[in-house]
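This report refers to the structure that appears directly beneath it.
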Amino acid sequence: MMSFTHPAPLALLLTLAFSACTRSPNVSAAEPAPQAAPVASPAPAALPHVDGQRALQYTREVVALGPRYPGSPGHAKTEAYLRRQLKADNLQEDTFTATTPAGHLRMTNFIAKFPGSKDGIIVVAGHYETLYERKDFVGANDAGSSTGLLLELAHQLRGRKLDGYSVWLAWFDGEEAIRQWSESDSIYGSKHLAAKWQRDGTLKKIKAFLLLDMVGDADLNIDRDANSTPWLEDVIYKAAADLGHQGHFFARSLPMEDDHMPFARVGVPVADLIDFNYGPNNSYWHSPQDTLDKLSPQSFQIVGSVVLETIRLLNQG
Ligand SMILES: [Zn+2]
């Protein structure tokens, strides 16, 4: 991911670090994690079940491809991997040339479309590339986790009749800055796709845009993003509470700059689901310590189920 608009108050980060929950980060495959009982809401019976282990396995396979920045061998391998995983789906590739401080770079967004019965689209997105020219960085959480969780969501949506809005999953390229984060040097893929969808009329059909970024941390604390659409954040919180996961959501609020911004600027309701407290004082962020051992299948399962429950609530409303 991204940068945020203002430096986080240190006291806030410390408070969060001290209040970090102590649940076990690892769930044995032989011993399924206890599911939060949906006491208040009988809905999940009809829902696909997000498999956190499988989401983590996708992430593991992506991380094994190495650094994945535009122009790197790992990036080309990731493109091929996404094509292979999504070969049964209605997959569109949005390839363009980005003008960056390092010159022209070829980038590709991937969009898998799952049609619904209702007019309108819900987009769930994340980026898949890693920090530019950082050969010491494999990005398990940033952005292996969003890449893997989106693949698990595709697995769940594939072959189903969606009784509601269409769901489009998008894997963005070029989220990270090439030299230094600024409005012009960042989020190349999402800026490109938002402009394209504005031109062809797609934007008007988008009911909600949900962004996933850094969602695999075993110590899961999804922040409430002050740049996101308040009513959509409220729906996400209700979804989390319905599933008994509210303890992992919105303990603090921060303004995030991320791939949702180009869509927010043109009036699409957006929400950035991001845990921007990764390791002590966020020290694993953009560091060689962003490795698989920091992630937990339970975190993927929680975020994935909350996304699907949010979609269910949006379809009702
Ligand atoms: Zn990043």
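In the stretch 204-211 there is at least one residue that is out of contact with any helix residue (DSSP H, G or I) (no Cβ under 7 Å at 6 or more places or on another chain), within 16 Å of the ligand (Cβ to nearest atom) and under 17 Å from ASP142 (Cβ atoms). For the stretch 268-302, residues that are more than 16 Å from the ligand (Cβ to nearest atom) and either touching a Gly at 6+ places or on another chain (Cβ under 6 Å) or closer than 16 Å to GLN246 by Cβ (or both) total 7. Taking (1) touching a Phe, Trp or Tyr at 6+ places or on another chain (Cβ under 9 Å); (2) at pLDDT 95 or above in turn, ARG160 satisfies each apart from (2). Answer yes or no as to whether SER305 is surrounded by 19 or more Cβ atoms within 10 Å (Cβ to Cβ), assigned to a helix (DSSP H, G or I) and away from the ligand (no atom under 16 Å from the Cβ). Yes. Restricting attention to the stretch 67-88, the residues that are surrounded by 17 or more Cβ atoms within 10 Å (Cβ to Cβ) and in a loop (DSSP other than H, G, I, E, B) add up to 6. Among strands (runs of 3 or more DSSP E) entirely within the stretch 101-201, having at least 1 residues that are over 20 Å from VAL307 (Cβ atoms) and away from the ligand (no atom under 16 Å from the Cβ) singles out 103-114, 116-127.
The values are calculated or read from the model by the stated rules, or taken from the named source; none is laboratory data. None of these values were measured; they are calculated from a predicted model. Quick reminder, even Gly has a Cβ in these numbers, built from the backbone with ideal geometry, and neighbours come from all protein chains shown.
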